[in-house]
Amino acid sequence: MTGLHPTPGASDPAAYSGTHIEFAPNGPSATGKTFTWTVEPKDGGPTLGDVKWFSRWRKYSFYPAPNCVFEQTCLREIAEFVEGCTREQRTGI
């Protein structure tokens, strides 16, 4: 899904939108080396989770909120977003 992932290093990463979900930027992490995003449903329901750097795996990961249920489109878009974030973090784009 083109355009779904951000450009790390940007001073103000934009929000990204999927079919049913949105990735809203939370700003830089505590270290300032990576970014964080909140995953929210487009219909305005409760927060679904966060995307942030997981240092042990050296990649971005999705941290789901408790009791959330996801269907295949949302899972695919979350996976594509996380993969894009990791790829761009590693290449320094």
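The values are calculated or read from the model by the stated rules, or taken from the named source; none is laboratory data. Quick caveat: nothing in here was measured; it's all calculated off a predicted structure. Side chains included, ligands, DNA and RNA excluded: accessible areas come from the protein's heavy atoms. Shrake-Rupley method; radii C 1.70, N 1.55, O 1.52, S 1.80 Å.
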Problem set entry | Accessible surface, 1.4 Å probe, highest first, among residues 50, 43 | 43, 50
Problem set entry | Reach of residue 33 by Cα under 27 Å, taken over lysines that are not fewer than 8 positions away in the same chain | 52, 59
